[in-house]
Amino acid sequence: MKIARLPKNKFTVIDETTAKFDDMRICFFCKHICIISAVACQCDNQKVSCLKHHKLMCNCIINKKMMLGK
């Protein structure tokens, strides 16, 4: 599994991206905000999961998934 950095939030500027920052990090299954780490897959760039639920996200092999971390 590859590891990539989560994008930094711009706390000094309030724009649309900043307002939706937490929404982009919500686990598709349990709806918790993935603060420190999350998992994404190449098959769907809109969906993330917490570490607990990454196996439920899709049926892709682990090599297609990426761990997102701070």
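The values are calculated or read from the model by the stated rules, or taken from the named source; none is laboratory data. What you see is a predicted model, and the numbers here were worked out from it, not measured in a lab. Neighbour counts are summed over all protein chains in view; Cβ atoms, including those assigned to glycine, are modelled from backbone coordinates with ideal geometry.
For segment 4-14, does any single residue satisfy the condition of being in contact with a strand residue (DSSP E or B) (Cβ under 8 Å, 6 or more places away or on another chain), modelled with pLDDT of 70 or more and within 16 Å of G69 (Cβ to Cβ)? No: zero hits. Across segment 33-53, the number of residues qualifying as more than 12 Å from L68 (Cα to Cα) and touching a Lys or Arg at 6+ places or on another chain (Cβ under 9 Å) comes to 3. The set of residues in segment 9-34 that are without any contact (Cβ under 8 Å) to a residue 24 or more places away in the chain and aliphatic (A, V, I, L, M) comprises V13, I14, A19, I26, I33.
When segment 15-32 is limited to residues that are modelled with pLDDT under 90 and in contact with a strand residue (DSSP E or B) (Cβ under 6 Å, 6 or more places away or on another chain), the one that is surrounded by the fewest Cβ atoms within 10 Å (Cβ to Cβ) turns out to be D22. Candidates are the residues of segment 37-59 that are touching a residue at least 24 places away in the same chain (Cβ under 8 Å), among the small types (G, A, S) and crowded, with 16+ Cβ neighbours inside 10 Å; the one that is farthest from R25 (Cα to Cα) is A40.
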